[in-house]
Amino acid sequence: MRGKQATVVAAATGIVAVLLHTGPAHAAVAVRDARCSTTGAQGWMVAEIYSGYVTGHTNAKDTLGDGHHARARFVVATTAGHYYGDWVKATGGKGDWQDAYDTVAYNGRVTGIAIQAARFEKNSMFNDCVIYDYN
């Protein structure tokens, strides 16, 4: 029985070692976070900046029971322009919040990361806020 237990432990250890080596090859250059609120919507995000791309975790919350919905996305500002994550939509009414992960490729040097939160009706934006966390 001891031989079988040792084999199982060795096999499990080998699997763990393989999993540890399949992580990201490069560490994030910087981590940024921001949040903002506007009438009917709140947004917050955490973004990791890498060379050539940004990964972000974005949250949107509907704060007003007015029949409209809230959206949020992260924005990457660079020396070459602005790049946008996908909108995260909270459509379930007041108190509903949704979150999502996204990756955005960019050119240039990152000068800031922002959260944009907004209140929408269909695809028409009523109001929004944008808050940057600068490098």
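The values are calculated or read from the model by the stated rules, or taken from the named source; none is laboratory data. This is a predicted model, so every value here is computed, not measured. No Cβ is skipped: glycine too gets one built from the backbone with ideal geometry, and neighbour counts run over all protein chains shown. The area values use the complete protein model at the heavy-atom level, side chains included, leaving out ligands, DNA and RNA. Shrake-Rupley method; radii C 1.70, N 1.55, O 1.52, S 1.80 Å.
For region 89-100, the criterion of being surrounded by 21 or more Cβ atoms within 10 Å (Cβ to Cβ) and not aliphatic (A, V, I, L, M) is met by none of the residues.
Of the residues that make up region 103-115, is at least one among the small types (Gly, Ala, Ser), more than 11 Å from VAL76 (Cβ to Cβ) and surrounded by 13 or more Cβ atoms within 10 Å (Cβ to Cβ)? Full working, then the answer.
Here is the first cut: in region 103-115, the ones among the small types (Gly, Ala, Ser) are 105, 108, 112, 114.
Those left that are additionally more than 11 Å from VAL76 (Cβ to Cβ): none.
No, region 103-115 has no match at all.
Count, please, the residues in region 39-88 that happen to be in contact (Cβ under 8 Å) with a residue 60 or more places away in the chain and open to solvent by 30 Å² or more (accessible area, probe 1.4 Å). I'd like the intermediate steps shown before the answer.
Applying the first criterion (in contact (Cβ under 8 Å) with a residue 60 or more places away in the chain) to region 39-88 yields 39-45, 47, 49.
Imposing the further condition that a residue be open to solvent by 30 Å² or more (accessible area, probe 1.4 Å) reduces the set to 39, 42, 44.
Number satisfying all stated conditions: 3.
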